[in-house]
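Below is the structure I would like to discuss, written out as C-alpha coordinates.
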(Lines give C-alpha, C1' and ligand atoms only; values in the text may rest on other atoms or scores of the structure.)
Protein backbone atom coordinates (compact mmCIF):
# COMPACT_ATOMS: atom_id res chain seq x y z
CA UNK A 1 0.00 0.00 0.00
CA UNK A 2 1.37 3.39 -1.04
CA UNK A 3 1.55 6.31 1.44
CA UNK A 4 -0.46 8.25 -1.16
CA UNK A 5 -3.40 5.84 -0.89
CA UNK A 6 -6.48 6.97 1.03
CA UNK A 7 -8.61 3.86 0.50
CA UNK A 8 -7.33 0.32 0.03
CA UNK A 9 -9.70 -2.65 -0.31
CA UNK A 10 -8.52 -6.24 -0.43
CA UNK A 11 -10.95 -9.07 -1.29
CA UNK A 12 -13.81 -7.05 0.20
CA UNK A 13 -17.12 -8.93 0.33
CA UNK A 14 -20.61 -8.23 1.61
CA UNK A 15 -23.38 -10.79 1.95
CA UNK A 16 -26.97 -10.43 3.10
CA UNK A 17 -29.09 -13.38 4.22
CA UNK A 18 -32.67 -13.03 3.02
CA UNK A 19 -34.79 -15.95 4.13
CA UNK A 20 -33.25 -19.11 2.72
CA UNK A 21 -31.05 -17.30 0.21
CA UNK A 22 -27.81 -15.33 0.42
CA UNK A 23 -27.35 -12.18 -1.61
CA UNK A 24 -23.73 -11.49 -2.61
CA UNK A 25 -23.72 -7.69 -2.82
CA UNK A 26 -19.92 -7.43 -3.15
CA UNK A 27 -17.65 -10.25 -4.29
CA UNK A 28 -14.00 -9.98 -3.23
CA UNK A 29 -13.40 -6.43 -4.41
CA UNK A 30 -9.86 -5.12 -4.79
CA UNK A 31 -9.75 -1.34 -5.12
CA UNK A 32 -7.33 1.47 -4.30
CA UNK A 33 -8.14 5.19 -4.33
CA UNK A 34 -5.31 7.67 -3.98
CA UNK A 35 -5.49 10.94 -2.09
CA UNK A 36 -6.80 13.71 -4.32
CA UNK A 37 -8.57 11.52 -6.88
CA UNK A 38 -12.06 12.15 -8.27
CA UNK A 39 -13.63 8.75 -8.86
CA UNK A 40 -17.05 7.94 -10.29
CA UNK A 41 -18.62 4.61 -9.30
CA UNK A 42 -21.08 3.35 -11.91
CA UNK A 43 -23.33 0.35 -12.37
CA UNK A 44 -26.94 -0.72 -12.69
CA UNK A 45 -29.28 -0.96 -9.72
CA UNK A 46 -28.20 -3.91 -7.58
CA UNK A 47 -24.64 -3.91 -8.90
CA UNK A 48 -23.13 -3.23 -5.45
CA UNK A 49 -22.16 0.42 -5.76
CA UNK A 50 -24.39 1.71 -2.93
CA UNK A 51 -23.31 -1.17 -0.67
CA UNK A 52 -19.71 -0.18 -1.36
CA UNK A 53 -20.42 3.46 -0.44
CA UNK A 54 -22.04 2.43 2.84
CA UNK A 55 -18.97 0.40 3.76
CA UNK A 56 -16.54 3.13 2.71
CA UNK A 57 -18.51 5.63 4.80
CA UNK A 58 -18.27 3.30 7.82
CA UNK A 59 -22.08 3.00 7.85
CA UNK A 60 -21.89 -0.76 7.28
CA UNK A 61 -19.28 -3.48 7.81
CA UNK A 62 -18.02 -5.99 5.24
CA UNK A 63 -18.61 -9.72 5.57
CA UNK A 64 -15.01 -10.42 4.58
CA UNK A 65 -11.83 -8.83 3.33
CA UNK A 66 -9.97 -5.74 4.48
CA UNK A 67 -10.89 -2.05 4.33
CA UNK A 68 -8.09 0.38 5.13
CA UNK A 69 -9.00 4.07 5.31
CA UNK A 70 -6.23 6.61 5.83
CA UNK A 71 -3.91 3.92 7.27
CA UNK A 72 -6.52 2.51 9.66
CA UNK A 73 -8.23 -0.87 9.25
CA UNK A 74 -11.84 0.20 9.55
CA UNK A 75 -13.41 -3.07 10.68
CA UNK A 76 -11.07 -3.25 13.67
CA UNK A 77 -12.16 0.15 14.99
CA UNK A 78 -14.68 0.63 17.76
CA UNK A 79 -17.91 2.57 17.36
CA UNK A 80 -16.50 5.74 18.91
CA UNK A 81 -13.51 5.81 16.58
CA UNK A 82 -15.73 5.13 13.55
CA UNK A 83 -18.04 7.99 14.55
CA UNK A 84 -15.00 10.25 14.86
CA UNK A 85 -13.79 9.23 11.37
CA UNK A 86 -17.19 9.99 9.88
CA UNK A 87 -17.37 13.38 11.58
CA UNK A 88 -13.79 14.60 11.07
CA UNK A 89 -12.55 12.94 7.87
CA UNK A 90 -15.63 12.21 5.75
CA UNK A 91 -18.27 14.40 4.18
CA UNK A 92 -21.52 12.91 2.89
CA UNK A 93 -23.74 14.25 0.09
CA UNK A 94 -26.98 12.48 -0.82
CA UNK A 95 -29.47 12.61 -3.67
CA UNK A 96 -32.29 13.75 -1.35
CA UNK A 97 -30.20 16.53 0.32
CA UNK A 98 -31.22 15.36 3.86
CA UNK A 99 -31.58 18.89 5.23
CA UNK A 100 -33.48 19.50 8.45
CA UNK A 101 -36.69 21.20 7.27
CA UNK A 102 -37.38 23.64 10.12
CA UNK A 103 -33.86 24.99 10.40
CA UNK A 104 -32.00 27.59 8.37
CA UNK A 105 -29.25 26.86 5.88
CA UNK A 106 -26.72 28.11 8.41
CA UNK A 107 -28.07 25.86 11.17
CA UNK A 108 -27.94 22.85 8.83
CA UNK A 109 -24.29 23.55 8.05
CA UNK A 110 -23.44 24.09 11.72
CA UNK A 111 -24.80 20.68 12.71
CA UNK A 112 -21.60 18.58 12.20
CA UNK A 113 -19.65 21.15 14.22
CA UNK A 114 -21.75 20.38 17.29
CA UNK A 115 -19.99 16.98 17.44
CA UNK A 116 -16.49 18.37 16.86
CA UNK A 117 -14.92 19.21 20.20
CA UNK A 118 -11.96 20.83 18.45
CA UNK A 119 -14.15 23.66 17.17
CA UNK A 120 -14.97 26.27 19.81
CA UNK A 121 -18.63 27.19 20.07
CA UNK A 122 -17.82 30.80 19.30
CA UNK A 123 -16.16 29.97 15.98
CA UNK A 124 -18.70 27.43 14.72
CA UNK A 125 -20.97 30.04 13.14
CA UNK A 126 -18.06 31.75 11.40
CA UNK A 127 -16.86 28.39 10.05
CA UNK A 128 -20.35 27.53 8.81
CA UNK A 129 -20.68 30.91 7.09
CA UNK A 130 -17.34 30.33 5.38
CA UNK A 131 -18.60 26.99 4.08
CA UNK A 132 -21.75 28.64 2.72
CA UNK A 133 -19.61 31.30 1.07
CA UNK A 134 -17.57 28.55 -0.59
CA UNK A 135 -20.70 27.23 -2.27
CA UNK A 136 -22.04 30.70 -3.12
CA UNK A 137 -24.89 30.79 -0.61
CA UNK A 138 -23.77 33.15 2.12
CA UNK A 139 -26.67 35.45 1.22
CA UNK A 140 -29.12 32.57 1.85
CA UNK A 141 -27.72 31.67 5.29
CA UNK A 142 -30.96 32.46 7.15
CA UNK A 143 -33.35 30.96 4.60
CA UNK A 144 -35.21 27.74 5.41
CA UNK A 145 -35.07 24.66 3.16
CA UNK A 146 -38.49 25.32 1.63
CA UNK A 147 -37.26 28.76 0.59
CA UNK A 148 -34.41 27.29 -1.47
CA UNK A 149 -34.38 25.69 -4.91
CA UNK A 150 -33.19 22.10 -5.35
CA UNK A 151 -29.78 23.26 -6.51
CA UNK A 152 -29.46 25.61 -3.55
CA UNK A 153 -30.46 22.84 -1.14
CA UNK A 154 -27.77 20.60 -2.57
CA UNK A 155 -25.19 23.37 -2.20
CA UNK A 156 -26.20 23.71 1.47
CA UNK A 157 -25.72 19.94 1.80
CA UNK A 158 -22.25 20.25 0.26
CA UNK A 159 -21.39 23.11 2.62
CA UNK A 160 -22.44 20.89 5.53
CA UNK A 161 -20.28 18.08 4.14
CA UNK A 162 -17.12 20.24 3.93
CA UNK A 163 -17.49 22.29 7.11
CA UNK A 164 -15.25 19.93 9.12
CA UNK A 165 -12.49 19.90 6.46
CA UNK A 166 -12.91 16.26 5.42
CA UNK A 167 -10.27 14.40 3.44
CA UNK A 168 -12.97 12.76 1.30
CA UNK A 169 -16.46 13.56 0.00
CA UNK A 170 -18.75 10.56 -0.50
CA UNK A 171 -21.56 11.56 -2.85
CA UNK A 172 -24.43 9.18 -3.65
CA UNK A 173 -26.27 10.28 -6.84
CA UNK A 174 -25.74 13.97 -5.93
CA UNK A 175 -27.48 15.23 -9.09
CA UNK A 176 -30.31 12.70 -9.15
CA UNK A 177 -32.98 15.26 -8.20
CA UNK A 178 -31.63 18.14 -10.26
CA UNK A 179 -32.13 19.35 -13.82
CA UNK A 180 -29.21 19.47 -16.25
CA UNK A 181 -28.30 23.11 -15.56
CA UNK A 182 -28.26 22.60 -11.78
CA UNK A 183 -26.37 19.31 -12.23
CA UNK A 184 -23.61 21.10 -14.13
CA UNK A 185 -23.40 23.72 -11.38
CA UNK A 186 -23.06 21.07 -8.66
CA UNK A 187 -20.46 19.09 -10.60
CA UNK A 188 -18.42 22.24 -11.19
CA UNK A 189 -18.44 22.75 -7.44
CA UNK A 190 -17.25 19.17 -6.87
CA UNK A 191 -14.42 19.70 -9.34
CA UNK A 192 -13.33 22.87 -7.56
CA UNK A 193 -13.34 21.09 -4.21
CA UNK A 194 -11.30 18.30 -5.75
CA UNK A 195 -8.80 20.83 -7.10
CA UNK A 196 -8.43 22.11 -3.54
CA UNK A 197 -7.17 18.67 -2.48
CA UNK A 198 -10.33 16.87 -1.32
CA UNK A 199 -10.76 13.32 -2.60
CA UNK A 200 -14.18 12.84 -4.21
CA UNK A 201 -15.92 9.48 -4.58
CA UNK A 202 -19.26 9.70 -6.35
CA UNK A 203 -21.92 7.11 -7.21
CA UNK A 204 -23.85 7.90 -10.37
CA UNK A 205 -25.74 6.02 -13.06
CA UNK A 206 -25.42 8.91 -15.53
CA UNK A 207 -22.51 8.74 -18.01
CA UNK A 208 -22.61 12.52 -18.53
CA UNK A 209 -22.11 13.09 -14.80
CA UNK A 210 -19.33 10.50 -14.59
CA UNK A 211 -17.40 12.49 -17.20
CA UNK A 212 -16.68 15.17 -14.59
CA UNK A 213 -14.55 12.66 -12.68
CA UNK A 214 -11.01 11.69 -13.65
CA UNK A 215 -11.55 7.94 -13.16
CA UNK A 216 -14.52 5.64 -13.64
CA UNK A 217 -15.04 2.30 -11.87
CA UNK A 218 -17.96 0.19 -13.12
CA UNK A 219 -19.68 -2.54 -11.11
CA UNK A 220 -21.83 -5.47 -12.20
CA UNK A 221 -23.22 -8.19 -9.93
CA UNK A 222 -20.99 -7.18 -7.05
CA UNK A 223 -17.77 -7.18 -9.07
CA UNK A 224 -15.64 -4.52 -10.73
CA UNK A 225 -15.85 -5.04 -14.48
CA UNK A 226 -13.83 -1.98 -15.52
CA UNK A 227 -11.56 0.62 -13.93
CA UNK A 228 -10.32 3.27 -16.32
CA UNK A 229 -9.42 6.95 -16.63
CA UNK A 230 -12.02 9.32 -18.05
CA UNK A 231 -10.39 10.27 -21.33
CA UNK A 232 -12.93 12.94 -22.34
CA UNK A 233 -13.32 14.57 -18.95
CA UNK A 234 -15.54 17.64 -18.66
CA UNK A 235 -13.70 20.38 -16.82
CA UNK A 236 -15.42 23.47 -15.50
CA UNK A 237 -15.30 25.89 -12.58
CA UNK A 238 -17.88 27.20 -10.17
CA UNK A 239 -17.81 30.98 -9.90
CA UNK A 240 -14.92 33.09 -11.06
CA UNK A 241 -12.10 30.88 -9.81
CA UNK A 242 -11.65 27.46 -8.27
CA UNK A 243 -11.90 26.97 -4.53
CA UNK A 244 -8.56 27.16 -2.79
CA UNK A 245 -8.16 25.36 0.51
CA UNK A 246 -6.32 27.42 3.07
CA UNK A 247 -6.44 29.21 6.38
CA UNK A 248 -9.68 30.99 5.56
CA UNK A 249 -11.38 27.86 4.29
CA UNK A 250 -13.98 26.06 6.40
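Would you list the strands (runs of 3 or more DSSP E) that sit entirely within the range 6-75 and hold 2 or more residues that are under 19 Å from residue 172 (Cα atoms) and touching a strand residue (DSSP E or B) at 6+ places or on another chain (Cβ under 9 Å)? Can you show your working first?
On the way: elements: 21-34, 38-43, 64-69.
Answer list for the range 6-75: 21-34, 38-43.
What is the residue count in the range 38-74 for residues that are in contact with a helix residue (DSSP H, G or I) (Cβ under 6 Å, 6 or more places away or on another chain) and without any contact (Cβ under 8 Å) to a residue 24 or more places away in the chain? Show your work before the answer.
First pass over the range 38-74, keeping only residues in contact with a helix residue (DSSP H, G or I) (Cβ under 6 Å, 6 or more places away or on another chain): 38, 40-43, 58, 60-62, 67.
Then drop every residue that is not without any contact (Cβ under 8 Å) to a residue 24 or more places away in the chain, which leaves 61.
Counting residues in the range 38-74 that are in contact with a helix residue (DSSP H, G or I) (Cβ under 6 Å, 6 or more places away or on another chain) and without any contact (Cβ under 8 Å) to a residue 24 or more places away in the chain gives 1.
Given (1) touching a strand residue (DSSP E or B) at 6+ places or on another chain (Cβ under 6 Å); (2) at pLDDT below 95; (3) closer than 30 Å to residue 147 by Cα, identify the lone condition not met by residue 99.
(1)
Matching residues to (1) buried (at least 18 other Cβ atoms within 10 Å of the Cβ); (2) farther than 24 Å from residue 162 by Cα; (3) modelled with pLDDT of 90 or more:
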position	(1), (2), (3)
190	yes, no, yes
208	no, yes, yes
222	yes, yes, yes
232	no, yes, no
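Let me ask something additional. Would you tally the residues in the range 162-177 being surrounded by 21 or more Cβ atoms within 10 Å (Cβ to Cβ) and either free of Cβ contacts under 8 Å to residues at least 12 places away in the same chain or over 10 Å from the mean Cα position of the chain (by Cα) (or both)? Lay out the reasoning, then the answer.
Of all residues in the range 162-177, those surrounded by 21 or more Cβ atoms within 10 Å (Cβ to Cβ) come to 162-164, 166, 168-171, 174-175.
In the following step, the residues that additionally are either free of Cβ contacts under 8 Å to residues at least 12 places away in the same chain or over 10 Å from the mean Cα position of the chain (by Cα) (or both) were identified as 163-164, 175.
Number satisfying all stated conditions: 3.
Please specify each residue of the range 142-156 satisfying the condition of being buried (at least 20 other Cβ atoms within 10 Å of the Cβ) and touching a strand residue (DSSP E or B) at 6+ places or on another chain (Cβ under 9 Å).
Once the filter is applied, which keeps residues that are buried (at least 20 other Cβ atoms within 10 Å of the Cβ) and touching a strand residue (DSSP E or B) at 6+ places or on another chain (Cβ under 9 Å), the range 142-156 yields only 154.
Moving to a separate point now. Name the single residue, out of those in the range 123-141 being part of a loop (DSSP other than H, G, I, E, B) and under 21 Å from the mean Cα position of the chain (by Cα), that is surrounded by the fewest Cβ atoms within 10 Å (Cβ to Cβ).
In the first step, residues of the range 123-141 are kept if they are part of a loop (DSSP other than H, G, I, E, B); the result is 135-137, 141.
Next, only the ones that are under 21 Å from the mean Cα position of the chain (by Cα) stay: 135-137.
Details: 135: 29, 136: 15, 137: 23.
Among residues in the range 123-141 that are part of a loop (DSSP other than H, G, I, E, B) and under 21 Å from the mean Cα position of the chain (by Cα), the one surrounded by the fewest Cβ atoms within 10 Å (Cβ to Cβ) is 136.
The values are calculated or read from the model by the stated rules, or taken from the named source; none is laboratory data. Values in this document were obtained by computation on a predicted structure and should not be read as measured data. Neighbour counts run over all protein chains shown; Cβ positions are idealised from the backbone, glycine included.
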